[in-house]
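Here's the structure, in structure tokens; my notes come after.
The values are calculated or read from the model by the stated rules, or taken from the named source; none is laboratory data. Model, not experiment: these values are computed from the prediction. FYI the Cβ positions are ideal-geometry reconstructions off the backbone, even for glycines, and counts take in every protein chain you see.
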Amino acid sequence: MNFKDFKGNTNEALIKMIKDLKNFGINVAKNCRPEHLQVGYGEVVCHLIDELLNVELFRREYQFLQPKFPKEDDFPDPDESGFQDDDPSLHGTQELHGI
């Protein structure tokens, strides 16, 4: 991970970041260790990103709404739509060149 403090020390920068996250109230930071974050991937990193995203969504008062599905009446009847039925030769009953 290319994350360094002003003196070029990666481990000290990660320790400071974890401390700041704990002070900010991020619960996942309690399980974080510099060696977990230094690789930049893994379960701890994913949980941390998820928690930070949840905090930001809460801060913005974001609300997930129920999806709006179209009613069945909105779809045209297949018989009236003008589409032709599939070619019966395309249903796998014939062999093609001996296959």
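Residues checked against (1) out of contact with any Asp or Glu (no Cβ under 7 Å at 6 or more places or on another chain); (2) under 30 Å from Lys19 (Cβ atoms); (3) modelled with pLDDT of 85 or more; (4) hydroxyl-bearing (Ser, Thr, Tyr):
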position: Glu56; (1), (2), (3), (4): yes, yes, yes, no
position: Arg59; (1), (2), (3), (4): yes, yes, yes, no
position: Tyr62; (1), (2), (3), (4): yes, yes, yes, yes
position: Pro70; (1), (2), (3), (4): yes, no, no, no
position: Gly98; (1), (2), (3), (4): yes, no, no, no
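Residues in region 14-26 include none that are in contact with a His (Cβ under 7 Å, 6 or more places away or on another chain) and modelled with pLDDT of 85 or more.
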